Amino acid sequence: MTAFWTEPDFDDHENVQLVHDRKSGLTAIIALHSTHLGPGAGGTRFWHYPEPKDAMRDALRLSRGMSYKNAMAGLPLGGGKAVILAGKDKAKTPEMLAAFGDAVDALGGRYVTAEDVGISEADMVAVSKRTEFVSGLPVSGEDAAGGDPGPFTAMGIYHGIKAAVLHKMGKDSVKGVHVAIQGTGSVGGGVARLLAHDGAKLTLSDIHEDRAKALAGELGGEFAPADAIMSTACDVFSPNALGAILDDEGIARLEAPIVAGGANNQLARQGHGQKLADRGILYAPDYVINAGGIISVAMEYLCKRHGDPCDINEVRKRIAQIPGRLEEIWAESDTSGVSPDVVADRMAQKLIGR
Ligand code: NAD
C-alpha cells in the first residue's frame with residue numbers, strides 16, 4: 001500500500017484524519033487542506049465508495065477545491081471536506097452522526113462542516129447537537145442568510161453570465177441573448193427565472209424532461225432533449241447539472257462563445273480549459289461563478305459565531321462581487337494567454353499563501 005501523501009491528489013494538506021468509531025460503525029475522513037485564511041470549511045459527503053482509496057481521493061480533491069473556492073469568494077475561511085464511508089446499504093444512523101459530530105468537535109473549530117451529497121439538513125441538525133462547528137442549519141424568515149444555498153448560487157451565476165456577455169459580446173444586457181441551460185434543478189431553474197426576467201431567450205434541458213418542459217412553458221423558452229443541449233447554437237451554454245462534461249468530445253460539440261454555469265468540476269481534466277480557449281470560448285471558472293451558495297452558508301455561520309444578525313443584503317452584496325472577480329480573471333487571461341481556469345487556480349493559490 002502506498003502512503004496517501006504520495007497520492008497525486010495530496011497537495012500539502014495540513015491535516016488528514018481517519019475517524020473510526022467501532023460502536024456506531026462510523027468510518028470517515030476529515031481532510032483539512034488549508035486554514036491559512038480561517039477555519040477549513042466544506043461539507044460532509046455520505047457515499048458508498050467501492051474502494052477506500054476513492055474516498056481518500058475525494059476528500060483530498062474536494063478539500064483543496066474548497067480552499068480555492070472560499071479564497072476566491074473573499075471569505076475568511078480555509079478549505080476542508082469530510083467524507084463518511086457508507087456501507088453498501090447506505091445505512092445512516094443517529095449514532096454515526098453523533099460520533100461524526102464528536103470528531104468534528106475534537107478539531108476545536110479548525111474544521112466547519114455543512115451538507116453535501118447524501119447529507120440532509122436534518123442530518124446537520126443531528127451533528128449540531130454534538131458540535132457548534134456546523135453550518136447549513138435551517139433558518140427562519142425570508143430575510144435570513146443561510147438555508148438552501150441553491151437560490152444564492154443561481155444569483156451568482158446570473159451575475160456571472162451578465163459579466164461574460166459584456167466581456168465577450170460587448171452587451172450590457174442579456175435581453176435577447178440566447179442561453180442554453182443544462183439542468184433545471186435548484187440552480188439551473190433559478191438561473192433561468194432570473195434571465196427570463198431580463199428578457200433572455202432560453203433553451204432548457206433536463207433528464208427529467210417534464211421539469212424542463214414545464215419551466216420552458218412557464219418562462220416562454222424552448223425545450224431541448226438532454227443529448228442535444230450541448231450542441232445547441234446559442235450565445236451562452238450554462239451547465240447546471242453534472243461535472244466533467246467539458247471533455248474532448250463535449251468541447252468539440254459546443255456551439256456557444258461562452259460557457260458559464262454552476263455545475264462543480266466542469267472540466268474533465270486539466271488542459272480542457274485551454275481547449276476551450278483554443279476554440280475562442282470564454283469560460284467562467286466553476287468555483288468562482290458558483291460561489292453564491294457558499295457565501296450565504298458562510299455568512300450564516302460567521303454571523304452566528306459573532307452573535308450578529310445576518311443581513312441578507314450583505315450576502316447579496318458579496319454575491320454581486322462575483323462578476324468583478326471573473327473580470328479580473330479574464331483580463332489576466334487576455335493579457336497572459338493563460339486559460340481562465342489556470343489563472344483562477346493561481347490567484348487562489350496566492351490567496352492561500354501557496
Ligand atoms: P439539483 O439536483 O437540484 O438539479 C440538477 C438537475 O440536473 C436535476 O433536475 C437533474 O435531473 C438534472 N440533470 C442531471 N443530469 C442531467 C443531464 N445529463 N442533462 C440535463 N439535466 C441533467 O442540483 P443543483 O443544486 O441545482 O446543483 C446543480 C449543479 O450545481 C451540481 O453540479 C452541483 O454540484 C452544483 N452546485 C450547486 C450548488 C447549490 O447551491 N445547490 C452550489 C454550487 C454548485
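The values are calculated or read from the model by the stated rules, or taken from the named source; none is laboratory data. Values in this document were obtained by computation on a predicted structure and should not be read as measured data. Neighbour counts run over all protein chains shown; Cβ positions are idealised from the backbone, glycine included. Heavy atoms of the whole protein, side chains included, go into the accessibility calculation; ligands, DNA and RNA do not. Shrake-Rupley method; radii C 1.70, N 1.55, O 1.52, S 1.80 Å.
DSSP assigns beta bridges within the chain; of those with both partners inside it, close to 35 percent run antiparallel. In this structure the amide hydrogen of residue 178, modeled in the peptide plane, comes within under 5 Å of the amide hydrogens of 201, 235, 236, none closer than 5 places in sequence on its chain. Distance between the 7 Å Cα→Cβ label points at residue 47 and residue 140: 3.6 nm. Taking amide H atoms as placed 1.01 Å from N in the peptide plane, the amide H of residue 282 lies under 5 Å from those of 258, 259, each 5 or more residues away in sequence or on another chain. Taking a ≥ b ≥ c as the square roots of the eigenvalues of the alpha-carbon gyration tensor, region 1-133 is classed oblate because a/c is 1.5 or more while a/b is no larger than b/c.
Taking 0.36 nm per residue of sequence separation and removing the Cα-Cα distance, the residue 129/residue 198 pair yields an extension gain of 20.5 nm. Taken along the Cα-to-beta-carbon direction at a fixed 7 Å, the label points for residue 54 and residue 106 span 2.7 nm. Computed from phi, the 3J(HN,Hα) profile of region 23-35 under the Karplus parametrisation 6.51, -1.76, 1.60 (θ = phi - 60°) reads 4, 8, x, 6, 10, 8, 10, 10, 10, 10, 7, 8, 10 Hz, with x in place of Gly and Pro. Full extension of the segment from residue 166 to residue 207, taken as 0.36 nm per residue of separation minus the current Cα-Cα distance, would add 11.7 nm. Solvent-accessible area assigned to carbon and sulfur over region 89-164 amounts to 53 percent, based on a 1.4 Å probe.
Over the chain, Cα pairs under 8 Å with separation of 6+ residues give a relative contact order of 15 percent.
Using θ = phi - 60° in the Karplus curve 6.51 cos²θ - 1.76 cosθ + 1.60, the 3J(HN,Hα) couplings for region 56-63 round to 4, 4, 4, 4, 5, 5, 5, 5 Hz; x is entered for Gly and Pro.
Since only 134, 263, 202 are under comparison, the one whose Cα sits farthest along the positive direction of the charge dipole of the chain, derived from C-beta charges on Lys, Arg, Asp and Glu, is 134.
Farthest toward the positive end of the dipole of the chain, out of 243, 310, 192, is the Cα of 310, where the dipole comes from beta carbon charges about the Cα centre.
Taking every protein chain into account, the 1.4 Å probe leaves residue 168 with about 90 Å² of accessible area, to the nearest ten. With pairing defined as another cysteine C-beta under 4.7 Å, the cysteines of the chain that fail it are 234. Remark on residue 47: its backbone amide H falls under 5 Å from those of 84, 86, a criterion applied only to residues 5 or more positions apart or on other chains, H modelled at 1.01 Å from N.
Within the same chain, lysines fewer than 8 places from residue 275 are excluded, and of the rest, those with a Cα less than 28 Å from its Cα are 69, 162, 168, 171, 201, 350. With the charge dipole of the chain set up from +1 on Lys and Arg Cβ and -1 on Asp and Glu Cβ about the Cα centre, the Cα lying farthest toward the positive end among the listed residues 228, 85, 8 is that of 8. Classify region 192-311 as rounded, prolate or oblate from the Cα gyration tensor: take a ≥ b ≥ c as the square roots of its eigenvalues, call it rounded if a/c is under 1.5, otherwise prolate when a/b beats b/c and oblate if not. Since a/c reaches 1.5 but b/c is at least a/b, the shape of region 192-311 is classed as oblate.
Backbone geometry of region 322-336 corresponds, through the Karplus equation with coefficients 6.51, -1.76 and 1.60 at θ = phi - 60°, to 3J(HN,Hα) couplings of 4, x, x, 5, 5, 4, 4, 5, 5, 5, 5, 5, 4, 6, 8 Hz, x marking Gly and Pro.
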